[in-house]
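The values are calculated or read from the model by the stated rules, or taken from the named source; none is laboratory data. All figures in this text were calculated on a predicted structure; none of them were measured in a lab. Cβ coordinates were reconstructed from backbone atoms using ideal geometry, including for glycine residues, and neighbour counts include every protein chain displayed.
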Ligand SMILES: NC(=O)c1ccc[n+]([C@@H]2O[C@H](COP(=O)([O-])OP(=O)(O)OC[C@H]3O[C@@H](n4cnc5c(N)ncnc54)[C@H](O)[C@@H]3O)[C@@H](O)[C@H]2O)c1
């Protein structure tokens, strides 16, 4: 099929590249000339596994780049809207990008088209898009609106798209449902998974995926409700971690115990410094705002958001309690992205913490495998950048692990020990076993688990106690 994807950001680029890999002809549209120029030259503007391979495979063949939405709409049977929906001051989603794209599409309807919401949007958006297109004078028989929320996670976006847990399609007509079925048929029929050159299947994925057809409103709500539930799971375990900290229990053991209950499951029970990124924070406030507008005060979400913010402050207090004063302390910071596997720093808890530490007078030397160029664009002063984790740790009063990159879970601990001034690690992602860290000579502090002291520190303390 011939499709257009409007917005070539994290979601649009991945959607376009994956649809091309499924055999569709894709026009990727964006209004950022610089981004389009880079894409045409073969550059990949975001860090996302398998994306460079897919773009190289299909660029100039099944993928074209364009700034001309009018022409792209003319040429396509389905037009996916994947532009940003950032939060406004009051917390609801700013729908102005979606609205302006819908207006442009409406002026170019020249045959039956399905206009697909891929952006995360509040319930009723499908009706607004329909109204806008009708107001432009388009024939109601010539288009349908579908809601096709995206559940990909940055860092594993390509495999999430190609091996999804489910595909949700919200439509109000059988004609639109059929177009959407055809678009996803290479996945739902299992055809893609039999191909020799398919992107490798991740563990845990079930193929072929289920296609869930709902009303447009239900699909819009499924996306907001899914993100709200996942954020709630994170805040829940972080609240439990805080109790563990207070009573000296181990939150990893608690996770193991509760996650083994098949009704709860172990995934997303990851205590740490909280969630961030471009989705959870804004989607929660948007969902809360939508609920309020429709007469429901979703106070549970307020608490989820409050716990998430508090989690960062708790970690900062832990840093203070370990280092006493912060002014002038040199910190090696591992991780700036909001999660591992991506260069996205939007609402990154790691970066928010770095800002706080700088404000308190710390010297920060940071390393992140992908996000440093993005941080350098926004935060020019006050932070040094290292070329690897050991350089970041060099001469540090303490090392802080703030993003769960796989690389940070597999550090050469002897080398790290040799680099630091004091062997103190504060791990905001619980990447290490405390006893392993103590064996390697570190005093180790994490989230919701008792701290571990190096043997030297422990015996020096014991000797002092004895003398007293
Ligand atoms: N990033 C994620 O992990 C993720 C996951 C699921 C859903 N979503 C949702 O998908 C949507 C897009 O998110 P994103 O992270 O890809 O955003 P993004 O900011 O990375 O990309 C948006 C793109 O749209 C382009 N754009 C804006 N206005 C345009 C216009 N009028 N015409 C053409 N292009 C235009 C921008 O230049 C940019 O390239 C959001 O609603 C988001 O909530 C994001």
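Against the test of being more than 16 Å from the ligand (Cβ to nearest atom) and in contact with a helix residue (DSSP H, G or I) (Cβ under 8 Å, 6 or more places away or on another chain), the options 299, 320, 288, 312 yield a single qualifying residue, 312.
When the stretch 81-97 is filtered for residues that are in contact with a helix residue (DSSP H, G or I) (Cβ under 7 Å, 6 or more places away or on another chain) and farther than 26 Å from residue 302 by Cα, the ones remaining, listed by number, are 81, 82, 83.
Considering the stretch 37-51, the residues that are more than 9 Å from the ligand (Cβ to nearest atom), surrounded by 16 or more Cβ atoms within 10 Å (Cβ to Cβ) and without any contact (Cβ under 8 Å) to a residue 60 or more places away in the chain include one that is farthest from residue 345 (Cα to Cα), namely 39. None of 46, 3 is in contact with a helix residue (DSSP H, G or I) (Cβ under 7 Å, 6 or more places away or on another chain) and in a strand (DSSP E or B) except 3. Condition test on residue 24, is it buried (at least 18 other Cβ atoms within 10 Å of the Cβ) and more than 15 Å from the ligand (Cβ to nearest atom)? Answer is yes for this residue.
Can you confirm whether residue 8 is near the ligand (Cβ under 10 Å from one of its atoms) and not in a helix (DSSP H, G or I)? Taking the combined requirement at face value, the residue satisfies it.
The set of residues in the stretch 294-340 being at pLDDT 95 or above and at positive phi consists of 295, 328, 335. From the list 237, 243, exactly one residue is crowded, with 18+ Cβ neighbours inside 10 Å and farther than 24 Å from residue 124 by Cα. Which is it? Of the residues listed, the single one that is crowded, with 18+ Cβ neighbours inside 10 Å and farther than 24 Å from residue 124 by Cα is 237. Residues that are under 25 Å from the mean Cα position of the chain (by Cα), away from the ligand (no atom under 16 Å from the Cβ), in a helix (DSSP H, G or I) and farther than 30 Å from residue 291 by Cα: does the stretch 220-237 have at least one? No, the stretch 220-237 contains no residue that is under 25 Å from the mean Cα position of the chain (by Cα), away from the ligand (no atom under 16 Å from the Cβ), in a helix (DSSP H, G or I) and farther than 30 Å from residue 291 by Cα. For the stretch 194-218, residues that are farther than 27 Å from residue 49 by Cβ and not in a loop (DSSP other than H, G, I, E, B) total 5. Listed by position, the strands (runs of 3 or more DSSP E) enclosed by the stretch 355-461 that each have at least 3 residues that are closer than 17 Å to residue 318 by Cβ are 398-401, 424-427, 443-445.
For residue 54, the criteria (1) crowded, with 20+ Cβ neighbours inside 10 Å; (2) near the ligand (Cβ under 10 Å from one of its atoms); (3) in a helix (DSSP H, G or I) hold in every case but one, which is (2).
The residues of the stretch 255-285 that are without any contact (Cβ under 8 Å) to a residue 60 or more places away in the chain, in a loop (DSSP other than H, G, I, E, B) and more than 16 Å from the ligand (Cβ to nearest atom), listed by number, are 260, 261, 262, 263, 264, 265, 266, 267, 269.
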